[in-house]
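What follows is a single structure, written as structure tokens, with notes after it.
Where a number appears in this text, it was derived from the coordinates with a stated rule and is not lab data. Source: prediction; values computed, not measured. Cβ atoms come from the backbone with ideal geometry, glycine included; neighbour counts cover every protein chain shown.
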Amino acid sequence: MHSLSKIFAHRGSSKYFPENTLLAFEAAYREKADGIELDVQMTKDGVLVVIHDETLDRTTNAKGYVKDYMYRELRFVDASYKFPQYFGMCPIPTLEEVLNWAQPKENFYVNIELKNNVIPYDNLEAKTIELIKRFCLEDRVVISSFNHYSLAHIKTITDEIETAILYSECLYKPWTYAKKLGASSIHPQYKSLLIEPIIQMAQTEHISVRAYTVNKASVMKKFFQQEIAAIITDIPKKAREIKNEILQKK
């Protein structure tokens, strides 16, 4: 196994902490994840906020679409949802707050997923890139999306930030498709898509493979042994333990 195979914490350490909150990101960092994966939506007044769903219903104590709220209103929303007995009030963070938190953490990566495959937020790409550059994180960020038009648009703005195609259905020669979009990595849903020949061809073509969402120990071990670039997991602590066990046997 390549010692640099990375562990990205999916929405932070989200099995045991409220997803996409600074609590979950800090937990992932403590658990020695190599980076975090997060999701970005936009408020009515154009602020980039870190939340997975287009609506607040599942993960907060409020209801309705993120796009219909002003940022000052979202500051009073509690994102601790199923963990309130443990953590109390957890605000929805802005992307700016998360990048400010990540910036001093040397060699710590941030995978930003643009959630614009349902709602076409105006200037989401440009606003995201501006924040990344403000914190000088171009070499520690990868932008992913299920909206591949958005990924192509990013490359018209900058070629300094890595992009990754997200997909959950069978894709023919994904390494070729990624290159056509200017992307240098693929982020497939792992269950049915990451057969070994696809991994090997992507690696041969210098396309990084990061699989989501990998929580089973046996699958983690398999992907580490296949030397994929990273796994994206809800349980970074478990992934770190398995990776360390494999390294110790080398």
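Quickly estimate the mean residue ellipticity at 222 nm for the chain, helices only: each DSSP H run with n ≥ 4 gives -39500 (n - 2.57), and the total goes over all residues, rounded to 500. Before the final figure, lay out the partial values.
Values: 11 runs with 89 residues, N = 250.
-9500 deg cm²/dmol, from helical runs alone.
Please list, by residue number, every one of the GluC sites (Glu not before Pro) in the range 67-159 that is coil in DSSP and has at most 15 other beta-carbon atoms within 10 Å.
GLU106
Which angle between 0 and 90 degrees, to the nearest 10, do you get for helix 124-134 versus the longest principal axis of the chain when only C-alpha atoms count?
The answer is roughly 80 degrees.
Fewest to most neighbouring Cβ within 10 Å: what's the order for HIS148, HIS10?
Details: HIS148 18, HIS10 29.
Least crowded to most crowded, the residues run HIS148, HIS10.
Determine, for VAL47, VAL118, VAL209, VAL142, the number of other Cβ atoms within 10 Å of each Cβ, and report the residues in order from fewest to most.
Details: VAL47 18, VAL118 12, VAL209 27, VAL142 24.
Going from sparsest to densest Cβ surroundings: VAL118, VAL47, VAL142, VAL209.
Can you pull the one-decimal nm distance between simple spin-label points at LYS67 and HIS206, each 7 Å off the Cα toward Cβ?
According to this spin-label approximation, the distance is 3.8 nm.
Could you put ILE231, ILE195 in order, starting from the residue whose Cβ has the fewest other Cβ atoms within 10 Å?
The most exposed by this proxy come first: ILE195, ILE231.
Percent relative contact order of the chain, based on C-alpha pairs within less than 8 angstrom and at least six residues apart?
The value is 20 percent.
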